[in-house]
1. Please report, ordered by residue number, the strands (runs of 3 or more DSSP E) entirely within the stretch 1-90 with at least 1 residues that are aromatic (F, W, Y) and more than 28 Å from L131 (Cα to Cα).
2. When the residues of the stretch 69-90 are filtered to those that are buried (at least 18 other Cβ atoms within 10 Å of the Cβ) and under 26 Å from I7 (Cα atoms), which remaining residue is farthest from the chain's Cα centre (by Cα)?
3. Kindly establish whether I200 is over 30 Å from E95 (Cα atoms), away from the ligand (no atom under 13 Å from the Cβ) and modelled with pLDDT of 95 or more.
4. Within the stretch 112-219, which strands (runs of 3 or more DSSP E) (wholly inside it) include 1 or more residues that are farther than 29 Å from H27 by Cα and without any contact (Cβ under 8 Å) to a residue 60 or more places away in the chain?
5. Just to verify a result, which residue in the stretch 95-128, among those that are among the acidic types (D, E) and under 25 Å from E206 (Cα atoms), is surrounded by the most Cβ atoms within 10 Å (Cβ to Cβ)?
6. Could you tell me whether S193 is among the polar types (S, T, N, Q), near the ligand (Cβ under 8 Å from one of its atoms), farther than 18 Å from T117 by Cβ and under 17 Å from the mean Cα position of the chain (by Cα)?
7. Would you check which residues across the stretch 28-73 are within 16 Å of the ligand (Cβ to nearest atom) and among the basic types (K, R) and list them?
8. How many residues does the stretch 90-111 contain that are β-branched (V, I, T), closer than 20 Å to G44 by Cβ and free of Cβ contacts under 8 Å to residues at least 40 places away in the same chain?
Amino acid sequence: MSIKQEIERLRGELPEGVKLLAVSKFHPVEALQEAYDAGQRAFGESRPQELKAKQAVLPDDIEWHMIGHLQTNKIKYIAPYVHLIESLDSERLAEAIDKEAAKCGRTIDCLLEVHITAEESKSGWDYAELLAFVREGGFERLPNIRIRGVMGMATFTDDEATVRADFERLKACKAELAQYFGDEFDTLSMGMSDDYPIAIEYGSTEVRIGSTIFGAREY
Ligand SMILES: *Cc1c(COP(=O)(O)O)cnc(C)c1O
């Protein structure tokens with residue numbers, strides 16, 4: 001299927017209230033343009049310089065989402081225009097984003113990336129540390145970022161029960177954290193090409209889909 005056909009198929013399949021993020025990392029701008037021409041406006045990238053290079057040449061009404069691990073010294077590449085940083089995973093990064101946002105005179109929306117699997121390789125905030133930071137009012141000291149919800153990944157496995165348990169856990173984290181934020185804490189970003197139908201069962205409001213739309217990535 002073409003990029004356009006995949007996007008149309010997904011759009012037909014996703015329930016109302018579930019947003020489609022097209023994960024375009026490692027794919028050329030021509031592929032993003034094809035998705036754009038099919039009506040797609042939200043794109044996810046994992047590397048700040050790549051995101052910036054694509055943003056410079058593609059239409060202005062694209063919503064750029066940062067979904068990969070972000071180093072503090074690279075925030076500057078995306079701070080002026082990024083729509084949502086989904087990979088906020090530490091206090092240090094939160095402080096640095098707040099500072100860059102202030103320099104640009106904007107408030108940057110972020111998701112709290114929670115590490116819930118046993119896999120060391122996965123990024124994300126240790127949940128107990130995150131909860132402690134939230135409870136002590138950590139984000140109240142950072143007025144230039146606005147926390148919109150939670151992002152997470154399930155374990156990379158064929159075992160469906162494990163994947164279900166992971167999504168259940170992310171849903172519970174989001175519910176627990178919600179009491180410390182306002183109505184704007186409305187996003188639960190979970191589900192990728194291989195597991196998004198399950199994520200939707202557990203209340204995902206945004207699925208991040210790459211290879212199903214664009215094919216395999218060439219690293
Ligand atoms: C790459 C990536 C995706 C998309 O993965 P696919 O399996 O290609 O759909 C989603 N979320 C994050 C955080 C990613 O890094």
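The values are calculated or read from the model by the stated rules, or taken from the named source; none is laboratory data. Worth saying up front: this structure is predicted, and the values here are computed from it rather than measured. As a convention, Cβ positions derive from the backbone with ideal geometry for all residues, glycine included, and neighbour counts pool all protein chains shown.
1. 42-45
2. I78
3. yes
4. Working: elements: 145-151, 187-189, 206-209.
The strands (runs of 3 or more DSSP E) meeting that bar are 145-151.
5. E113
6. Spelling it out, it is not the case that S193 is among the polar types (S, T, N, Q), near the ligand (Cβ under 8 Å from one of its atoms), farther than 18 Å from T117 by Cβ and under 17 Å from the mean Cα position of the chain (by Cα).
7. Scanning the stretch 28-73 gives R47, K54.
8. 1
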